[in-house]
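Nothing in this text is a laboratory measurement; each read-out follows from the coordinates by a stated rule. On a predicted model such as this, the values are computed, not experimentally measured, just so you know. For neighbour counting, all protein chains shown are included, and Cβ atoms are generated from backbone atoms with ideal geometry for every residue, glycine included.
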Amino acid sequence: MFLGHQKPFTQTCPPIGPIAAEARRQGAIIDWDKHNWPWSAMLVPVAGIETIELSNNHMWRLTPFVFSRFGEPAPDWMNRSFDNRGWAEFGFQTYYALLNSGFFIRAGAGTANGVHPVPLGFSRVYVKIDGPFSYQKWLEGLKKGRSFTTNGPMLFLTVDHMLPGDRKKIPAGQNTKVRINLKAQSVNHLENIEIIVNGRVVHTFDCSKTENRTHCAYNHTIDIKGTSWIAARCFEIPPKDNVRFAHTGPVFFDDPTQSLLPERRQIEFFLDSVHRAIERYGDKLSPAARAEYQKALQAYRAAAKTGINSQAKP
């Protein structure tokens, strides 16, 4: 998806690279509709994906999950269930793997109202802006990563007074204490709030123990070491066969001596997906289109060696 371009495109695709370059030249944001189309993994390094729809059009409001076998399968290590919660977790784990690989991707959302049985704005993204609202300010805030995505609750995160999208240098090779402030609000009862560091849940707050189950606020201090990112997510107690959550974008901390590298299984997930696409499309791809898949393979292999310090550029 291209958000904010100024005029129609005249290029055809594939290849996708020239169109993405033109979109960016026009000031557009390039949004990743879903993480597991057969060509999705190729798009991240080739098109320069900037936002991921963590809450997307496969999350319906009042109906059971119906896309249990859609697209590229999740690897076994994700341990996903084939329901709404499992679909959300599949997206989260893909997002974390990309962040660990050095791709600065913002939290986004999409509904596909009119295509799927969900109301307009069910899956949505909120962006922090300063001063009076304008669409241009909203786009600029989204590019900075000042966002959280949700299909229910509101979730606000600061880390050492920094907002999602911010980054800070930390002392080389030392443990650093950071102060995390969280606030969640919801129409329905909240279940929990989780702190995520480099893709792992490091602390969970049980909202059932609060007096007001629809408003939860916590302050917490954790230690980090080496280049890291911190985000948060929260869940409502959902209706049957559904999921309600919010997820913030990350705050980054840079140690110039310790890059954050993806886990081997994370980078293999992307490499395997690109290889399967090449095998599937075979001779149907033009030389230029096939070259884009090869470019994606090279980018993921490089990410496995260099990590977040070399690629994350908020």
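Estimated purely from DSSP H runs of n ≥ 4, each contributing -39500 (n - 2.57), the mean residue ellipticity at 222 nm for the chain is -8000 deg cm²/dmol once divided by its residues.
Cross-link partners of residue 144 among aspartates and glutamates, defined as those whose alpha carbon lies under 12 angstrom from its own and excluding same-chain residues fewer than eight positions apart: 50, 166. Positive-end ranking of 281, 256, 239 along the dipole of segment 238-294, with charges on Cβ about the Cα centre, is headed by 239. As a calculated quantity, the FRET efficiency between residue 1 and residue 177 at R0 = 25 Å, using C-beta atoms, amounts to about 0.05. For the chain, the relative contact order is 20 percent, taking Cα pairs closer than 8 Å that sit 6 or more residues apart in sequence and dividing their mean separation by the residue count. Computed packing ranks the peptides 129-136, 230-237, 36-43, 167-174 as 230-237, 36-43, 167-174, 129-136, most packed first, by mean other Cβ atoms within 10 Å.
Taking label positions 7 Å along the Cα-Cβ direction at both residue 221 and residue 136, the computed distance is 4.4 nm, reported to one decimal.
Taking the Cα centre of segment 2-311 as origin and assigning +1 to Lys and Arg Cβ atoms and -1 to Asp and Glu Cβ atoms, the resulting dipole is close to 400 debye. Across the options 299, 214, 94, the greatest Cα extent toward the positive end of the charge dipole of the chain (unit charges at beta carbon of Lys, Arg, Asp, Glu) belongs to 299. Once you have the Cα-Cα distance between residue 278 and residue 295, take 0.36 nm times their residue separation minus that, and quote the gain in nm to one decimal. In short, 4.9 nm is gained.
Take each peptide in 292-299, 110-117, count the other Cβ atoms within 10 Å of every residue, and average; sorted highest first, the result is 292-299, 110-117. Local charge for residue 9 was computed over the other residues whose Cβ lies under 14 Å away, with Lys and Arg +1 and Asp and Glu -1, and equals +2. Neighbours of residue 176 by Cβ distance under 13 Å: Lys/Arg scored +1, Asp/Glu scored -1, total +1.
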